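Novice: Have a look at this one.
The values are calculated or read from the model by the stated rules, or taken from the named source; none is laboratory data. Given the structure is predicted, the values throughout are model-derived calculations rather than measurements. Backbone-built Cβ (ideal geometry, glycine too); neighbour counts: all protein chains shown. What goes into the accessible areas is simple: the full protein's heavy atoms, side chains included, and nothing from ligands, DNA or RNA. Shrake-Rupley method; radii C 1.70, N 1.55, O 1.52, S 1.80 Å.
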Amino acid sequence: MNNKERDDSLQRKDITSTGVELLVKSVSVKKPKRFFEERSLPPIEISPWRLRYQSRRDFLVFGAGALATLAGAGFLLPQDTLGRLGVRRNVDSPGKEWFLNQALRIDDDVAEALYSVNRRVPTYTKSQITPLKNNYNGATPDPGYIPGWKLTLDGLASGLGISLDIRNLLTRFSVHEQITRLVCVEGWSAVAWWAGLRLDDLIRAYPPMSRAKWARVESSVNLDASGNPDPYYMSLDLATARHPQTLLATHFNGQALTVDHGAPLRLLVPVKLGLKNVKAVTGITYLAAEPRDYWAERGYSRYDGV
């Protein structure tokens, strides 16, 4: 092969190589789209007439929904609240009371179904303790009742009535401490350090009758806002009474209970709202049927779980 033929051959190779390169570069390989990859939405064309119709219809539907909401609020809100909003017409009715009672009953049933003795409320450290105010429903009782105070137990398997003083309780039963949150139905809460005997220990020592499913916990020394006797009574299911964090508290923040906090014995049920935590307990009665409840008779929930 002479020089000219060799040069022509090399030139053809260069051209072929270059052509392959250009061919490779011109081919674009599409990457497969990922399932969650954002995709651009296709444009939607809509006529101005239809857009105006759709906007007007949406506005009317929104307005109807807003009016229905306001009407429902007017039906459910207390009359005092409606009065502050300028609504003078009395909308109280048996239907309203029935509806609210049914809603409370459903809430109670759900809370009761979800209750578990294995679920405990959170506990805290002493550095997390917060002030706890005196929140008697009425006036604070005069401490003169304390020297003669007794705890009476009725509805026992023995058929007898038992009367115990604070010395009996403190010498016979182990004292347990816990720092838990007390939650009030009024919307406030406080972390407090309590000590006392477990209600379950008292139940084991003095068993209720076999048919008992409820306890009526009472304070006969409770007063109304004017200082007149107003016995306070509350229903407590025995499952909650046996909860390991349910105490008959005798001490608060390392000291014996004061009258402000229910001396000499108060019920502490951290899995219930504060209105179930009876101060100055004077009696516990075991019953087969749910007993009367002070606040349930006044329109509040009967279960009051936290």
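Novice: Of all accessible surface on region 124-236 at a 1.4 Å probe, what whole percent is carbon and sulfur?
Specialist: 50 percent
Novice: Please work out whether region 169-306 counts as rounded, prolate or oblate from its C-alpha gyration tensor, where a ≥ b ≥ c are the square roots of the eigenvalues and a/c under 1.5 means rounded, while otherwise a/b larger than b/c means prolate and anything else oblate?
Specialist: rounded
Novice: For T250, enumerate residues with amide H under 5 Å from its amide H, sequence gap 5+ or separate chain, H modeled in the peptide plane.
Specialist: It is A195, G196, L197, by chain and number.
Novice: Using a Förster radius of 30 Å, what is the FRET efficiency between Y124 and T171 based on their Cβ-Cβ separation? Nearest 0.05, please.
Specialist: For R0 = 30 Å, the calculated efficiency reads 0.55.
Novice: Checking the table K133/K276; K126/K279; K126/K276 against a 18 Å threshold on Cα-Cα, which pairs fail?
Specialist: Pairs exceeding 18 Å: K126/K279; K126/K276.
Novice: For A289 and K133, what is the calculated FRET efficiency with R₀ set at 30 Å and r taken between the beta-carbons, to the nearest 0.05?
Specialist: That gives a FRET efficiency of 0.30.
Novice: What nm value, rounded to one decimal, do you get for the distance between R211 and R242 when each label is placed 7 Å out toward the C-beta?
Specialist: In this crude spin-label approximation the distance works out to 1.9 nm.
Novice: Given points 7 Å out from each Cα along the Cα-Cβ axis, report the T258 to S226 separation in nanometres with one decimal.
Specialist: Taking the simple label geometry, T258 and S226 are separated by 2.9 nm.
Novice: Quick one: grab the alpha carbon gyration tensor of region 171-211, order the square roots of its eigenvalues as a ≥ b ≥ c, and give me rounded if a/c is under 1.5, else prolate or oblate depending on whether a/b is larger than b/c.
Specialist: In terms of gyration-tensor shape, oblate.
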